[in-house]
1. So if we plug the beta-carbon distance of Gln8 and Leu57 into 1/(1 + (r/R0)^6) with R0 = 25 Å, what FRET efficiency do we get, rounded to 0.05?
2. Probe radius 1.4 Å, ligands and nucleic acids ignored: give me the carbon and sulfur share of the accessible area of the chain as a rounded percent.
3. Sum -39500 (n - 2.57) across every DSSP H segment of at least 4 residues in the chain, then divide by the residue count to get the 222 nm mean residue ellipticity, nearest 500.
4. With 17 Å as the cut-off, how large is the P(r) tail for the chain, expressed as percent of Cα-Cα pairs?
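The values are calculated or read from the model by the stated rules, or taken from the named source; none is laboratory data. Model, not experiment: these values are computed from the prediction. Reconstructed Cβ throughout: ideal geometry from the backbone, glycine too, with neighbour counts over all protein chains shown. When the accessible area is computed, the model is the full protein with side chains, heavy atoms only, and any ligands, DNA or RNA have been set aside. Shrake-Rupley method; radii C 1.70, N 1.55, O 1.52, S 1.80 Å.
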Amino acid sequence: MHSIAFLQQELEDQRQLFGTNNISVAETFNGIGIMHHHVTGDQVKAITHHQEALKILISQQCKTHQNAS
């Protein structure tokens, strides 16, 4: 559980530093999802964190495509 607590703190730090819509924040959400999936077995929390990561990544991809136009 210490790893998840560390990642949760890292997530909060990254949100304050980079904002909520940043690739680093998405990577940390994904890492927390992986920990819940493999370590705690809590699939609901795993999916929730993976979905948050995916929302950020999709948003970033849309911004990249808009800037390329």
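1. Values: r = 20 Å, r/R0 = 0.79.
E between Gln8 and Leu57, to the nearest 0.05, is 0.80.
2. Working: 2720 of 4790 Å².
Carbon-and-sulfur percentage of accessible area, whole number: 57.
3. Working: 3 runs with 56 residues, N = 69.
So the calculated ellipticity at 222 nm is -27500 deg cm²/dmol.
4. Values: 1001 of 2346 pairs.
Within the chain, distances greater than 17 Å cover 43 percent of Cα pairs.
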